[in-house]
Amino acid sequence: MGRVAAPHGVRGWVKVVPWSQDPASLTGHRAWWLKKPEADAWREIEVMHARMHGNALVAELAGVGSREAASALRGSDVAVPRAMLEPPAANEYYWTDLEGMDVVNRSGARLGRVVGLTQSGAHPLLRVVGDEGGAERLIPFVAVYIDRVDGDARRIDVDWEADY
């Protein structure tokens, strides 16, 4: 749901860049799970205080009492368990649910698999890579190009040609 970007201040607070559509949603959780890029496991940490600060969050985490301790968390992913999240509304999706889905166009050609999403200035983009590797396709995740998302079949039908 975000990433620790930097320490904030000298008392161990951290600055978190949120990835969710509602950046303040993390502030409602009393615990976060952190995972450093090189780590294999997530660790739960209590959130003492968290608030919006511009386009980012700043948070005081239990056991992180110095700028050096906060700096050691830089680059850590921030998450909460799925069970703690509100279910998405109709025609809304958590990005993680879209990852790994097959992408098929109206002609029935398989374009590849969703390897991630990225946010552009206007809307999210599906990052799609074919089985043979090759160039990554960026397909706007908007109704004009997305015909259907079938979570059970793990498939996204798109109005997008293979030569785009």
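Measure off, as a whole percent, the carbon and sulfur share of the 1.4 Å-probe accessible area of the chain, all protein chains present. Solvent-exposed carbon and sulfur of the chain make up 49 percent of the total. Taking label positions 7 Å along the Cα-Cβ direction at both ALA72 and SER107, the computed distance is 5.6 nm, reported to one decimal. Reported to the nearest whole Å, the Cα centre-to-centre distance from region 135-154 to region 18-82 is 30. The Kirkwood radius of the chain, taken over pairs of alpha-carbon atoms, gives through the Stokes-Einstein law at 20 °C and 1.002 mPa s a diffusion coefficient of 122 µm² s⁻¹. With the simple model of a label 7 Å out from the Cα in the direction of the Cβ, GLN119 to VAL17 spans 1.1 nm. Between ARG155 and ALA5, what is the FRET efficiency for a Förster distance of 30 Å, r being their Cβ-Cβ separation, to the nearest 0.05? The pair ARG155/ALA5 has a calculated efficiency of 0.30. How would you classify region 27-86 from its alpha-carbon gyration tensor, with a ≥ b ≥ c the square roots of the eigenvalues: rounded for a/c under 1.5, else prolate if a/b is greater than b/c, otherwise oblate? Note, shape of region 27-86 comes out oblate. Relative to the current alpha-carbon distance between LYS36 and ALA83, full extension at 0.36 nm per residue lengthens the span by 14.7 nm.
The values are calculated or read from the model by the stated rules, or taken from the named source; none is laboratory data. The model shown is predicted, which means the values in this text are computed figures rather than measured ones. With ideal geometry, Cβ positions are generated from the backbone for all residues, glycine too; neighbour counts draw on all protein chains shown. To get the accessible areas, we keep the full protein, side chains included, count just its heavy atoms, and leave off ligands, DNA and RNA. Shrake-Rupley method; radii C 1.70, N 1.55, O 1.52, S 1.80 Å.
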